[in-house]
Number of protein chains: 2
Amino acid sequence: MNSSAPLTAPISAAISSRQLQAFVALARLRSFTRAAAECHLSQPAFSALIQGLEQAAGARLFERSTRHVALTVEGEVFERSAAPLLAQLQQALAELRDHATLRRGKVSLALLPSLAAGWLPGLLQRFRADYPGVELQVADVLSEPCVARVREGQADLAIATVRVDTPELRAEPFSSDRFHLVCPAGHDLLERPRLMPRDLLPHPFIHLARHSSVRQLLDAAVHPLQMRTLMEVEQLATVMGMVRAGLGLSVVPGFSLFHFNTQPGLATRELRWKGLHRQLFLIRRRDRELSTAARALYELMLANRP
Amino acid sequence: MNSSAPLTAPISAAISSRQLQAFVALARLRSFTRAAAECHLSQPAFSALIQGLEQAAGARLFERSTRHVALTVEGEVFERSAAPLLAQLQQALAELRDHATLRRGKVSLALLPSLAAGWLPGLLQRFRADYPGVELQVADVLSEPCVARVREGQADLAIATVRVDTPELRAEPFSSDRFHLVCPAGHDLLERPRLMPRDLLPHPFIHLARHSSVRQLLDAAVHPLQMRTLMEVEQLATVMGMVRAGLGLSVVPGFSLFHFNTQPGLATRELRWKGLHRQLFLIRRRDRELSTAARALYELMLANRP
DNA sequence: CGATCTTACGGGATTCGTAAACATA
DNA sequence: TATGTTTACGAATCCCGTAAGATCG
């Protein structure tokens with residue numbers, strides 16, 4: 001038994017896109033010579049292409065003499081399908097190549113509000129300049145929802161503070177930031193040579209919500225019950241407004257300093273307390289590779305860590 | 001210059017239907033081994049097929065490890081086009097093969113009413129038994145309209161009495177028939193040893209319309225002004241009714257004898273007068289070959305001439 | 001006889017299947 | 001380690017382009 005002989009095709013005869021192109025070109029130009037030229041083939045090679053198609057189809061598709069080339073009735077039947085078929089195929093390939101070359105695509109990213117407002121915009125500006133056709137979706141939510149979005153496939157990537165190395169999710173260290181005291185300009189805490197946790201206790205304090213990573217780390221460094229909690233708010237922008245109004249002081253992550261540094265009447269001071277720093281992780285699914293578009297954003301993020 | 005090197009594809013990369021089939025099978029089965037088996041290929045050959053497709057597409061379409069095969073995002077993009085594309089291609093080929101094997105198709109035939117009523121039905125019964133899927137269109141009209149229909153592409157074939165050998169049309173001799181006297185049974189013309197044209201003159205005569213071939217040939221043999229014309233009618237069936245009612249007698253072509261031979265009270269007698277016979281031609285276009293279906297009918301007609 | 005399609009043919013690329021190497025759970 | 005994909009490789013096949021042949025107007 002000759003085991004190396006190719007087996008017969010399982011369902012249909014093999015048709016190549018080049019045969020389809022040749023057919024459509026010949027049906028349009030009605031000349032082997034001209035159609036061969038359009039397909040960048042020698043005329044005999046082109047002829048063989050058509051013959052192969054006719055053989056695969058099981059019917060003569062063109063009537064030809066040396067002076068005349070025309071579709072047979074069967075050829076007309078096939079033409080009605082072949083022309084749109086070829087167009088669809090080429091569109092499908094073009095669409096695919098668009099995705100591969102980042103002329104089209106979609107990336108969805110979930111990350112902490114502080115990064116979304118401060119660091120991300122400049123990054124996305126560059127990304128959009130390079131790949132204007134790629135659709136972007138950003139979810140500026142806290143760590144837990146960030147991770148949930150990746151887990152549920154709603155986001156390709158997330159930046160969050162939770163190290164989730166599960167069978168589903170892969171987390172890699174991305175960046176870290178320190179925390180900063182924010183208070184009205186000229187506040188006496190700004191002058192102390194060494195600022196300790198207990199130094200904050202006498203002052204009215206604007207807390208962030210308990211589920212925020214900032215709050216949780218701060219609670220670990222300074223027992224909350226000992227503090228003079230003035231209020232709890234959700235947004236860092238609100239913290240900024242409260243402190244600027246002189247209602248109290250607060251502690252915010254470095255990535256959100258852009259909220260405060262540009263505000264007249266406000267001052268900040270880095271807190272170098274042990275344990276009071278945030279580790280950020282880049283989180284993605286384990287079971288899916290990133291799409292080309294997502295990988296491009298991933299690379300750009302890694303190359304431009306805050 | 002290496003002139004035998006294949007030139008690059010003109011527009012799109014070459015994709016074969018086998019690659020499309022392989023892609024769809026792999027997307028469905030998510031296993032190279034099983035998909036290769038379904039495509040009747042060795043697994044490495046199948047793998048190469050997919051790799052070739054990915055190369056042509058310019059993007060990786062599957063994420064694969066030894067334990068897991070899944071579509072990439074780009075693969076999903078392509079799948080949306082590929083599956084319907086393959087289905088359409090296979091349907092187009094099936095349709096084409098149906099036409100080639102006469103499971104489908106269409107033939108239109110124009111021929112004289114006498115043939116349409118007498119000879120054709122039995123022929124078409126056989127044709128339909130062999131090719132039940134082929135649509136038939138019959139125009140039972142006189143010679144001139146028969147020819148016109150072929151000339152205008154409304155009919156594939158015609159049987160008519162005019163020899164039209166023009167640059168457009170090809171006519172080949174098909175058959176011929178003689179003319180017959182029809183009269184009430186027991187009429188004295190039936191008894192004469194030799195029946196001559198002038199023997200008809202004393203009797204009331206039922207004429208066919210002037211544009212019919214029967215009438216024109218009869219007028220050439222017997223001057224119409226000398227005849228006792230009772231009336232002119234269009235249809236041979238009307239002639240039959242008139243003669244059966246004893247109103248007169250008439251002359252009809254042999255192919256229409258089936259109208260008369262089975263009628264009680266009627267008799268016929270062949271007229272062997274010089275020039276009084278009809279030559280029938282099979283007419284088709286010169287610039288188009290017959291479709292497979294039309295050719296089948298053509299062969300059947302030739303093999304079963306009246 | 002001139003334009004055009006088909007056949008013939010040699011060389012190189014392609015693709016097959018078997019076997020071995022490689023990778024991951 | 002076991003299952004499943006990729007690489008390696010020799011052989012058969014396919015496909016190209018050139019050249020010669022056939023055919024119709």
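Taking the residues in the range B:229-258 that are assigned to a loop (DSSP other than H, G, I, E, B), among the small types (Gly, Ala, Ser) and touching a residue at least 40 places away in the same chain (Cβ under 8 Å) as candidates, determine which candidate is nearest to B:Arg278 (Cα to Cα). Give the derivation first.
Just the residues of the range B:229-258 that are assigned to a loop (DSSP other than H, G, I, E, B), to begin with: B:234-235, B:245-248, B:257.
Among the residues that remain, those that are also among the small types (Gly, Ala, Ser) are: B:245-246, B:248.
Restricting the remaining residues to those that are touching a residue at least 40 places away in the same chain (Cβ under 8 Å) gives B:246, B:248.
Working: B:Gly246: 27, B:Gly248: 23 Å.
Checking each candidate, the answer is B:Gly248.
Could you pull out the residue among B:Val182, B:Val107, B:Val134 that is surrounded by 19 or more Cβ atoms within 10 Å (Cβ to Cβ) and more than 26 Å from B:Asp287 (Cβ to Cβ)?
Values: B:Val107 fails: more than 26 Å from B:Asp287 (Cβ to Cβ); B:Val134 fails: more than 26 Å from B:Asp287 (Cβ to Cβ).
Result: B:Val182 is the single residue among B:Val182, B:Val107, B:Val134 that is surrounded by 19 or more Cβ atoms within 10 Å (Cβ to Cβ) and more than 26 Å from B:Asp287 (Cβ to Cβ).
So which residues in the range A:13-34 are within 26 Å of B:Leu53 (Cα to Cα) and either in contact with a Lys or Arg (Cβ under 8 Å, 6 or more places away or on another chain) or basic (Lys, Arg) (or both)?
A:Ala14, A:Arg18
Need the failing condition index for A:His68 against (1) away from DNA strand C (no atom under 11 Å from the Cβ); (2) farther than 24 Å from B:Pro84 by Cβ, just the number.
That leaves (1) as the condition not met.
One line per residue, one yes/no per condition, for (1) within 19 Å of A:Ala13 (Cβ to Cβ); (2) away from DNA strand D (no atom under 16 Å from the Cβ):
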{"position": "B:Ala27", "(1), (2)": "no, no"}
{"position": "B:His40", "(1), (2)": "yes, no"}
{"position": "B:Ala45", "(1), (2)": "yes, no"}
{"position": "B:Glu54", "(1), (2)": "no, no"}
{"position": "B:Leu86", "(1), (2)": "yes, yes"}
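Could you check the range A:285-302 and list, in sequence order, the residues that are closer than 18 Å to B:Ser65 by Cα, among the acidic types (Asp, Glu) and more than 7 Å from chain B (Cβ to nearest Cβ)?
A:Asp287
Among the residues of the range A:264-278, is there at least one that is surrounded by 13 or more Cβ atoms within 10 Å (Cβ to Cβ) and either of a type in the set (Ser, Thr, Tyr) or within 14 Å of another protein chain (Cβ to nearest Cβ) (or both)?
Among the residues of the range A:264-278, at least one is surrounded by 13 or more Cβ atoms within 10 Å (Cβ to Cβ) and either of a type in the set (Ser, Thr, Tyr) or within 14 Å of another protein chain (Cβ to nearest Cβ) (or both), which makes the answer yes.
Identify the residue in the range B:151-169 that is modelled with pLDDT of 90 or more and of a type in the set (D, E, K, R) and, among all such residues, is surrounded by the fewest Cβ atoms within 10 Å (Cβ to Cβ).
Here the residue is B:Glu152.
Out of all the residues in the range B:56-74, which are of a type in the set (Ser, Thr, Tyr) and either surrounded by fewer than 20 Cβ atoms within 10 Å (Cβ to Cβ) or farther than 15 Å from A:Thr292 by Cα (or both)?
Of the residues in the range B:56-74, the ones of a type in the set (Ser, Thr, Tyr) are B:65-66, B:72.
Listed by number, the residues that qualify are B:Ser65, B:Thr66.
A quick yes/no check of all residues on (1) surrounded by 14 or more Cβ atoms within 10 Å (Cβ to Cβ); (2) under 18 Å from the mean Cα position of the chain (by Cα); (3) over 24 Å from B:Asp98 (Cα atoms); (4) more than 11 Å from every other protein chain (Cβ to nearest Cβ):
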residue	(1), (2), (3), (4)
A:Leu41	yes, no, yes, no
A:Glu79	yes, no, no, no
A:Ala100	yes, yes, yes, no
A:Arg103	yes, yes, yes, yes
A:Leu111	yes, yes, yes, yes
A:Ala116	yes, yes, yes, yes
A:Asp130	no, yes, yes, yes
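Would you point out which residue out of A:Ala14, A:Ala83 is surrounded by fewer than 17 Cβ atoms within 10 Å (Cβ to Cβ) and modelled with pLDDT under 90?
Going through A:Ala14, A:Ala83 in turn, the sole match is A:Ala14.
The values are calculated or read from the model by the stated rules, or taken from the named source; none is laboratory data. Computed from a predicted model, the values in this text were never measured in an experiment. Positions of Cβ are backbone-derived with ideal geometry, glycine not excepted, and every protein chain shown enters the neighbour counts.
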